[in-house]
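Comments concern the structure below.
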Amino acid sequence: MKCFVTGASGFVGSNLVHQLVARGHQVKALLRPGADVRGLAGADYERVNGDILDNAALEQGLRGCDWCFHVAASYQLWMRDYRPMYEANVTGTRNVLEAAGQAGCRRIVYTSTVGCIGLPREQNGQYIPTTELDTIAPTQLTNHYKKSKYQAELIALDLFRQKQLPIVIVNPSAPVGPRDVKPTPTGKVIVDFLNRQLPAYLETGLNWVHVRDVAIGHMLAAEKGRTGERYILGHADSNWTMQQTLTCLEELSGLPATRFKIPYWFAHGAAVANELVSSVTGKPPRAPIAGVRMAKYKMWFNPQKAIRELGLPQTPPKEAFIDAIQWFRANGYVK
């Protein structure tokens, strides 16, 4: 297939490009001038210069493509001005999906997030991981990233219903693995751990998944996904607390994990102070309020629909962390 990929230089996007090329697909990658393409090293792709707000670049790049993967997004937990985030995540999504429809793409895979799915409910002292059927409450849209991605997902569903565009939505959980160039907020947990810059932790819950499985899940969604449906791309056995995650990192890296757990009220107060400083300096806070609010909840999900309908791979989470540790060490992130 001839494939068009937005966000190709990002963590999920670069891994997707590598997986597409490995399976014999042709790839056109939408990249801004000056984009950091280290994650694409070794992949054979055609570069299309532009971004998701550039309709002419989208029209040119999508011409003749069979599949479109819209992976690009603004993922930041703090910004001085959030308007560019909404432009990228909301307006940009409409631009890409409509352009893909006009180009006649047979499948359009939109990369959403589990942040658009309802959070687990506590039942008899246990949290029940949620599925694609669990709608998110407005009170759970606790930051601008989640709000903008939720608006974008509504656009994708509306274009499917109103214009019958062949859109499939995928909702990755917390990817981990190689080529996390930036790194992402989840990758930064690993980098900080390896650099001994994680003296304490805030208890939370995440569903970890190998980024390779997420990339393959995108391809499977294009091949087998039902249009108008969404699929959680996660791992069935990796709904871990942060304490479990740090214990795993300790075992794999040989470095001791901190045992000091920060109370939520203290973390929130520190985040407020951090953001006050950032509002003056313009530098991102080390602990943004949005991140603390997200950590308050167990973000545990059930990916059985993707496993059952798509055949989503289930690489053991320890293997994902090993691959991430090795990549960060090999690429100079560990000082």
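Just to be sure before I move on: is Gly177 small (Gly, Ala, Ser) and at positive phi in the structure I sent?
Taking the combined requirement at face value, the residue satisfies it.
Does the stretch 219-229 include one or more residues that are under 26 Å from Arg329 (Cβ atoms), of a type in the set (Ser, Thr, Tyr) and touching a residue at least 24 places away in the same chain (Cβ under 8 Å)?
Within the stretch 219-229, none of the residues are under 26 Å from Arg329 (Cβ atoms), of a type in the set (Ser, Thr, Tyr) and touching a residue at least 24 places away in the same chain (Cβ under 8 Å).
If you go through the stretch 128-140, how many residues are crowded, with 16+ Cβ neighbours inside 10 Å and closer than 11 Å to Lys298 by Cα?
Residues that pass the stated criteria total 2.
Being closer than 22 Å to Ile232 by Cα and in contact with a helix residue (DSSP H, G or I) (Cβ under 6 Å, 6 or more places away or on another chain) is the filter here; which residues of the stretch 97-131 pass it?
Leu97, Arg107, Ile108, Val109, Tyr110, Ser112, Thr113, Gly115, Cys116, Leu119
Any idea which of (1) surrounded by 17 or more Cβ atoms within 10 Å (Cβ to Cβ); (2) modelled with pLDDT under 95 is the one Val214 doesn't satisfy?
Only one criterion is unmet by Val214, namely (2).
Within the set of pairs 6+ apart or on separate chains, which have a first residue in the stretch 293-305 that is surrounded by fewer than 18 Cβ atoms within 10 Å (Cβ to Cβ), a second that is charged (D, E, K, R), and C-beta atoms under 7 Å apart?
Lys305/Glu132
Could you please find all residues in the stretch 231-246 being touching a strand residue (DSSP E or B) at 6+ places or on another chain (Cβ under 8 Å) and surrounded by fewer than 24 Cβ atoms within 10 Å (Cβ to Cβ)?
Those that are touching a strand residue (DSSP E or B) at 6+ places or on another chain (Cβ under 8 Å) and surrounded by fewer than 24 Cβ atoms within 10 Å (Cβ to Cβ): Asn239, Trp240, Thr241, Met242, Gln243, Leu246.
Restricting attention to strands (runs of 3 or more DSSP E) lying wholly within the stretch 1-52, give those where 1 or more residues are aromatic (Phe, Trp, Tyr).
Result: 2-6.
What number goes with the only condition from (1) more than 18 Å from Val170 (Cβ to Cβ); (2) modelled with pLDDT of 95 or more; (3) not in a loop (DSSP other than H, G, I, E, B) that Val109 does not pass?
(1)
Go through the residues of the stretch 54-73 one by one and say whether even a single one is touching a residue at least 60 places away in the same chain (Cβ under 8 Å) and touching a His at 6+ places or on another chain (Cβ under 7 Å).
Yes, the stretch 54-73 contains a residue that is touching a residue at least 60 places away in the same chain (Cβ under 8 Å) and touching a His at 6+ places or on another chain (Cβ under 7 Å).
So which residues in the stretch 306-335 are among the basic types (Lys, Arg), over 17 Å from Ala174 (Cα atoms) and either touching a residue at least 60 places away in the same chain (Cβ under 8 Å) or in contact with a Gly (Cβ under 7 Å, 6 or more places away or on another chain) (or both), if there are any at all?
Listed by number, the residues that qualify are Arg329, Lys335.
Quick one: in the stretch 272-292, of everything that is touching a Phe, Trp or Tyr at 6+ places or on another chain (Cβ under 7 Å) and outside any helix (DSSP H, G or I), which residue is surrounded by the fewest Cβ atoms within 10 Å (Cβ to Cβ)?
For the stretch 272-292, the residue satisfying everything is Pro284.
Testing Thr258 on (1) surrounded by 13 or more Cβ atoms within 10 Å (Cβ to Cβ); (2) within 28 Å of Ser238 (Cβ to Cβ); (3) under 26 Å from the mean Cα position of the chain (by Cα); (4) of a type outside the set (A, V, I, L, M), one condition comes back false. Which one is that?
It is condition (3) that Thr258 fails.
Given the structure, is Ile289 of a type in the set (A, V, I, L, M), in contact (Cβ under 8 Å) with a residue 40 or more places away in the chain and closer than 17 Å to Val211 by Cα?
No.
Of all residues in the stretch 310-335, how many are exposed (fewer than 14 other Cβ atoms within 10 Å of the Cβ) and among the aliphatic types (A, V, I, L, M)?
1
Suppose we filter Leu141, Leu119 for residues that are free of Cβ contacts under 8 Å to residues at least 60 places away in the same chain and under 30 Å from Pro285 (Cα atoms); which single one remains?
Going through Leu141, Leu119 in turn, the sole match is Leu141.
The values are calculated or read from the model by the stated rules, or taken from the named source; none is laboratory data. Treat the numbers as computed from the prediction; the structure is a model and nothing was measured. Note that each Cβ is placed from the backbone with ideal geometry, even for glycine, and that neighbours are counted across all protein chains shown.
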